[in-house]
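Data first, discussion second: the structure below is written as structure tokens.
We did not get these values from a lab; they are worked out from the coordinates using the rules stated. On a predicted model such as this, the values are computed, not experimentally measured, just so you know. Cβ sites come from the backbone with ideal geometry, for glycine too, and all protein chains shown count toward neighbours.
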Amino acid sequence: AQSVTQLDSQVPVFEEAPVELRCNYSSSVSVYLFWYVQYPNQGLQLLLKYLSGSTLVESINGFEAEFNKSQTSFHLRKPSVHISDTAEYFCAVTPTGANNLFFGTGTRLTVIP
Amino acid sequence: NAGVTQTPKFRVLKTGQSMTLLCAQDMNHEYMYWYRQDPGMGLRLIHYSVGEGTTAKGEVPDGYNVSRLKKQNFLLGLESAAPSQTSVYFCASSSHGQGGDEQFFGPGTRLTVL
């Protein structure tokens, strides 16, 4: 069975400050890892994903996440946040070769002007 | 392309009433999914489909039925709504079911059961 833990339900941060959203997972099999973002009143959008290869993956809008197998983590980071980054962020996993996504409970990022 | 669309956007039901939520995608995707989103619980998979004419149970299938008569549509039915089914429902689709595929989500349906 798979599970995903996002310990921080809310993260307030000032504009242009760095941010880290934490994600830990548990699985008895190999997994793929994802971060999805949900802007207010919208559906989820894929932010970035790790399938294989380099453990550091980046998104087009400046976010990055690093897969750490020994710590079973996939934390999301951005060195300088913008107001437009205010959203809810979901970490998710799926067993390799399967199609079911297992989501964490989400972290609401609020960027303060 | 419209992507993934959902109908209706909002609905209020009384306990025991039935309704059907419609999901449509125009990306020719094989796989489609229904999730529910509840505060503090993230998204949970209700049912999914790996192709036209197929359906399968997810994590929380009880109280729901689904049908995939056409490749582009995936219907979620509530036969006898209960207050515990008050939630936001999201439909998603992906081109294949291999784990690395991106799932594309619709805008959601907010359902309240009184």
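Under 30 Å of direct C-alpha separation, and excluding same-chain neighbours fewer than eight residues apart, B:LYS71 reaches these lysines: A:LYS49, B:LYS9, B:LYS57. Annotation: the residues A:PHE63, A:PHE90, A:PHE74, A:PHE14, sorted from fewest to most other C-beta atoms within 10 Å of their own C-beta, follow the order A:PHE14, A:PHE63, A:PHE90, A:PHE74. Using C-alpha pairs below 8 Å separated by at least 6 residues, the relative contact order for chain A is 38 percent. Working note: Karplus 6.51/-1.76/1.60 with θ = phi - 60° gives the range B:14-26 the couplings 9, 3, x, 6, 10, 7, 10, 9, 10, 10, 9, 9, 10 Hz, where Gly and Pro are set to x. Across chain B, Cα pairs under 8 Å and at least six residues apart give a relative contact order of 36 percent. The distance from the alpha carbon centre of the range B:80-114 to that of the range A:13-33 is 23 Å, rounded to a whole number. Backbone amide hydrogens, once placed in the peptide plane, bring A:VAL31 within less than 5 Å of A:THR96, excluding anything fewer than 5 places away on its chain.
For chain A, DSSP calls about 85 percent of its internal beta bridges antiparallel.
A crude spin-label estimate for the pair A:SER59 and B:SER84, with each label 7 Å from Cα along the Cβ direction, gives 3.4 nm.
With the convex hull of the Cα atoms taken as the outline of chain B, the averaged projected area works out to 6.6 nm². Taken over the C-alpha atoms, the protein assembly as shown has Rg and Dmax values of 17.5, 52 angstrom.
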